[in-house]
Amino acid sequence: MATTTTSAATTTPAPPPPPTLRSKSTISTNGTVQIKSFRQSQRPRPHSKSTSAVLPSLALTGGKGGLDDDAEDDEPEVINFDSDGDLHLIVGGSKVSPQRFVVCSRTLARASPVFKTMLFGAFSESRPCCSRNGSSSSGSSASGRSFITSRSGDSTSPLGGAFEEGPAPAGSLDDDAWKIELPDDDPKAFRTLMGIIHSSFDHVPDTVEVVELFQIAILTDKYDMTHLLRPWSEQWCARQRTRRHPYRLWIAWVLGDDLMFESEAKRLALGCPVNKCGQLLVRCTNGNFQPLESFDYLRLPDILESIAAVRFEAAEKILQKLSAVHRNLATANGRHCREPSAAARQECRLDCENALLGSTIKALDANGLWPLPQAPALTYSLDTLVQKVAATAHMIRPLSSRDTNRSGGGGGGSGIRHVECNPAVELEDYARKILASAPSPVQHMHLAHMENQAKKSGLWFEEKEQ
């Protein structure tokens, strides 16, 4: 599993509209319902050409493609969350080996409005259901538990198939069992959520790493279950607040951690290089760079644009400062020599400025900054730019008394040292000041969204209102 290793406006728009649910279902050849549903938390744009709903280059769940032919015949690992469970969820399969979870459908429906619609929407809307005994109502099994099983036929429900009643399944999976496949979901994260809603806390970890919490956040957003994390959200997020990882954007967005969100957004603004199209890049463990906007769950509303704007504005200020110093040294009317005793002697002043001009250009060239680039063409990160400016400053040498003595009439052995004329300290201090004072890319709309999410996750405290 790979992870990133990046060294990563202003009107106030209205808060984003509430997320909507879209669901797809298909009936596989063995009669199992395959469900692909997602909540639109303003993350993918309609014109997105992302190849996957997960982050392919960050290798969340393994390689591309599905299981091989031999693996398809293997029985998924079974985790029984309810000994009387009436629903079998087969989770994973598109990118990782699937696991089968035996759960209580009613418990799942109570925990997730999305699952409630998926599992019982057809009955609540009084859609016809066919049973083996000819009944058209949604009756109960001998154990008092009603359930549905999928069968091929015309779609008559949101799941895309007609349903019939059957006996409650035993521990083993048979043809009458109620089966639903969730191939795009992460089994490990899904197991954590099922452990929470079934009070099976042996399956709920005390601490989680950033990738696992990222996957949990995907599922809680997808199935509207963020409220389930209230007892764990603070301790899980506290562990990530000092980390450096782009996944923190999505985690903070879903759980409502505004401090983590702002920290990661600013880190990306200062630490991300860009490509020739101006797209922010992150480096993966294989050494390749990938545009940040190609990852669906990091393409949040207006945040990448705001990050890029902060980066551009800071880079432009630093480059303008370099240009101003060079112009002052290079033009005939420029005045840069600050030595008072040399002010009345033009030759001494010219010697000082000529020495600084030559030294500055050589230092800029040695650090890849000559000719001076334009901000739109700058591809490396702000951190790298400031490092280059600092290295340049350390290479600039002012005119010394030895130089003036050698010049013949310029210094005339006056012993003048033009230390104060050196722009090196000014350049480095200015660049570091711009980096430190770069504004936050986070806008009011982001904070409003995370405030609502924090109330769901339990991260919201009354102190924040004061």
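Just so it is clear, none of the values below were taken in a lab; they were calculated from the coordinates. A quick note: this is a predicted structure, and the numbers were derived from the prediction, not measured. Please note: Cβ atoms are built from the backbone with ideal geometry, for glycine as well, and neighbour counts cover all protein chains shown.
Sort F120, F295, F201 by Cβ crowding within 10 Å, fewest neighbours at the top. Intermediate results must be reported in sequence, preceding the final value.
Working: F120 18, F295 27, F201 11.
In increasing order of surrounding Cβ atoms, one gets F201, F120, F295.
Quick one: Karplus J couplings for the range 349-361, per residue in order, coefficients 6.51, -1.76, 1.60, θ = phi - 60°, nearest Hz, x for Gly and Pro?
Along the range 349-361, the couplings run 5, 5, 4, 4, 5, 5, 5, 5, 4, x, 5, 5, 4 Hz.
Amide H neighbours of V282 under 5 Å, counting only residues 5+ apart in sequence or on other chains, H built in-plane at 1.01 Å?
Under 5 Å from the amide H of V282: Q290, L292.
Can you give the extra length, in nm with one decimal, that the chain gains between T331 and L350 once fully stretched, where that is 0.36 nm per residue apart less the Cα-Cα distance?
5.7 nm
Separation between the E209 and C277 pseudo-spin-labels, each 7 Å from Cα along Cα→Cβ, expressed in nm?
3.1
Check which residues have an amide H placed less than 5 Å from N80's amide H, if you skip close sequence neighbours.
Long-range HN contacts for N80: V102.
Just name one of S306, L270, V282: the one whose Cα is farthest towards the positive end of the charge dipole of the range 246-345 (beta-carbon charges, Lys/Arg +1, Asp/Glu -1).
L270
5 Å is the cut-off here: which amide hydrogens, built 1.01 Å from N in the peptide plane, fall below it relative to T379, excluding neighbours closer than 5 in sequence?
Excluding prolines and chain starts, which carry no amide H, there are no hits.
How large is the translational diffusion coefficient of the range 254-332 in µm² per second when you combine the Kirkwood radius over alpha carbon pairs with Stokes-Einstein at 37 °C and 0.692 mPa s? Can you show the working numbers first?
Working: Rh = 14.6 Å.
Translational diffusion coefficient: 226 µm²/s.
Can you work out the Karplus-derived ³J(HN,Hα) for every residue in the range 318-326? Use 6.51 cos²θ - 1.76 cosθ + 1.60 with θ = phi - 60°, whole Hz, and x for glycine or proline.
5, 5, 5, 5, 4, 5, 5, 5, 5
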